[in-house]
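Written out below as structure tokens is the structure these notes cover.
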Amino acid sequence: MDPFDAGASGLLKQPKSVWATAGASVVAFMGIGLVDPILPSIARGLDATASQVSLLFTSHFLITAVAMLVTGFVSSRIGGRRTLLLGLAFVVVFAGLAGTSGSVGELVGFRAGWGLGNALFVSTALAVIVGAANPVGAARSASGKGGGGRRAGGSAAAILLYESALGVGMACGPLLGALLGDAGWRYPFFGTAFLMAVGFLCITVFLKEQPKPAHKTSLLDPVRALGHAGLASAAVSAFFYNYTFFTVLAFTPFVLDMSPYRSGAVFFAWGVLLAVFSVIVAPRLQKRFGSLKALGGSLVLLAADVLTLGYGSHTTAVVCTILSGAFIGVNNTVYTELALGVSDAPRPVASAGYNFVRWFAAAAAPYFAPKIEEWADIHMPFAVAAVTAVAGAVVVVVRRKALTLPQALDSARAGGTPTAQDLEPKHAAEDGVTVFAN
């Protein structure tokens, strides 16, 4: 059965703890694109350049990348619920402080603290949602007795709910930024702090502590996991792709040069496409073409779209910005499954190692794109972004054998014929776990 159809039937039949965590996840993902439509307003309000304001993304995601080595260490010791609350507390404090910033330097620093909170929360949220939807399986897994086979009960729908929360958050973040930012660039930060405080209260009331993992995660486990050729290949390819992704997210608002409302509407449409293609379209493309072909083709199409965005008219740039959401949605889903299915490392550890690599590109792109414009012209950042998207596709093609499941290779060595299911990682909606921030 199609994973979307399998989970959709139970989407609304979730306990309050799942809804509370999913609702807070929406706000957490909103924070990623919240500043998009108000970047020009922030630049004017703080008398800053485009490259200085883009550091809001750089500081946020640089800390996020480093925090990937910490999240598993923390959650395996204090538990998922306390980790979520700790992350939410960080976001509430630093988002509120960001709204009081008197200089771009202060704002960049507060966004870094926000990034730590977001990493702690989002990297733990899915495991908590699955555990809350399937408490028996979670307890057996934590005790080391295994959860075994398919997820029971409402876990399939819980995963779909999390993916939907991601899409809704990415879509609504720019819209909220535009609506509140029209009154002043500080208000979106205060609004986020308020919403996250509500999420903190909901999780405190509705979510019970879940069993801790049987084995504690060390700080170096994610780095060791990258010794696996398949996981390393997925991480390197995703690194190149993320550079393209965040060039679009962080630099395009300066190219469009629109009012907060119009810029927010553009990125809302972008986010809607991202959500639809991530949750609905990507699994169907994978079923028809296979994960690696779907990913390679989507990366090449993203490169063409970004190149057209950079060298086309203003109207063309608007259309291509929105259209990029479709390719980004497909890429996010497939990379998620590759990272979790390609190695034999525990999924939280594999996820942490993978994200540790790829989020450095999310930190680099917002910094280098304005610099490249200063060194060359406004078109060149998009040319570079197109090249990095193609580089990601090249890694997928060159390392395709490493990016297949180990059991498929074992089947081939034994003289059997690997099936399509063997050769492709299972869909995230069939696997029970996904990767932070798609």
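Laboratory data are not the source of any read-out in this text; all were calculated from the coordinates shown. Remember, it's a predicted structure, so these values are computed and weren't measured experimentally. Cβ placement follows ideal geometry from the backbone for every residue including glycine, while neighbour counts extend to all protein chains displayed.
With N set to the residue count of the range 88-130, report its C-alpha Rg divided by 2.2 N^0.38 Å to two decimal places. Working shown, then result.
Details: Rg = 12.0 Å, N = 43, 2.2 N^0.38 = 9.2 Å.
Normalised Rg, Cα atoms only: 1.31.
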| If one computes P(r) from the Cα atoms of the range 12-77, what percent of pairs lie at distances over 17 Å? | 62 percent
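For residue 397 and residue 314 in the same chain, what is the full-extension length gain: residue separation times 0.36 nm, less their Cα-Cα distance, in nm? Display every interim value, and only then the final one.
Values: separation 83, 0.36 × 83 = 29.88 nm, distance 3.39 nm.
Result for the pair: 26.5 nm of gain on full extension.
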| query | Given q = 0.12, 0.17, 0.19 Å⁻¹, what are the Debye log10 I(q)/I(0) values for the range 176-330, with equal point scatterers placed on the Cα positions and solvent ignored? | reply | -0.78, -1.12, -1.15
| field | the range 167-260: trypsin sites (Lys or Arg not before Pro) falling in loop per DSSP and having at most 12 other Cβ within 10 Å | value | 208, 216
| What FRET efficiency comes out for the pair residue 304/residue 209, r = Cβ-Cβ distance, R0 = 56 Å, nearest 0.05? | 0.70
| query | Mind listing the phi-derived Karplus ³J(HN,Hα) values for the range 334-347, rounded to whole Hz, using 6.51, -1.76 and 1.60 with θ = phi - 60°, and x for any glycine or proline? | reply | 5, 4, 3, 6, 4, 4, 8, x, 8, 10, 9, 6, x, 4
| 19 Å tail of the calculated P(r), the range 293-390, as % of Cα pairs | 51 percent
